[in-house]
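For reference, the structure is listed below as structure tokens.
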Amino acid sequence: MNYNINNNAHIHYLGNELVFKLNNNLFLLNMYQSIIIEGINKYHNLRDVTKILQNYTVNSSYQKLYELVSKTVSGMEEREWINKSDKIISNNESGKKGEFYPSKLTIELTNKCHLSCQHCFKECGPIKRDFIQIKNLLAFLKKVQPFVHEIQLTGGNLCCTLNLKKFRNL
């Protein structure tokens, strides 16, 4: 039987830690849980996950370790973190193990806006003229895109920002 991470879940590496997100709930996994989730996402079966865990244990029989993995996976199934499946699907993953990338990145493209709202916390307005250079932004986004799960472009009135079509395919 194959196992997959829940389709609605997301895995994000933050340094050497693994953050598991499901239904807007975040879970910082311990080393044991991380190894199991990584193994399920890569190998999709308990046998290979157990073999990986053998590298981290001393004097544990394969059978005892397999039973422990099986019990942990059952608990993860109950929480709907993983599920059994005939299909093999690798899950949504971001970040890079050992490095620090945010899961969500918000970039303010401009502070120019036709309005001058008193409640605007972005301090935008008609006399503001700051724009991010499009070529610099595109170069930056291409570098971080493989590691960041969500990129939000915001700032001022985005209709004031030229060439928004360039961002459509990112």
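The values are calculated or read from the model by the stated rules, or taken from the named source; none is laboratory data. What you are looking at is a predicted structure, and each value in this text was computed from that prediction instead of being measured. Reconstructed Cβ throughout: ideal geometry from the backbone, glycine too, with neighbour counts over all protein chains shown. Ligands, DNA and RNA are stripped out before the accessible areas are found, and what is left, the full protein with its side chains, is counted by its heavy atoms. Shrake-Rupley method; radii C 1.70, N 1.55, O 1.52, S 1.80 Å.
Extending 7 Å from the Cα toward the beta-carbon at both Asn16 and Asn45 defines two label points whose distance is 3.0 nm.
Heavy atoms of the protein chains alone define the surface here; on that basis the stretch 1-143 has 65 Å² accessible area per residue at 1.4 Å probe size.
Extending 7 Å from the Cα toward the beta-carbon at both Asn83 and Ser61 defines two label points whose distance is 3.6 nm. Going by the alpha-carbon gyration tensor, a ≥ b ≥ c the square roots of its eigenvalues, is the stretch 25-100 rounded (a/c under 1.5) or, if a/c is not under 1.5, prolate (a/b greater than b/c) versus oblate? Oblate is the answer for the stretch 25-100, as a/c is 1.5 or above yet b/c matches or exceeds a/b. Legend: distances between Cα atoms for Lys64/Lys96; Lys21/Lys135; Lys112/Lys135; Lys96/Lys135; Lys42/Lys64; pairs beyond 27 Å are Lys64/Lys96; Lys21/Lys135.
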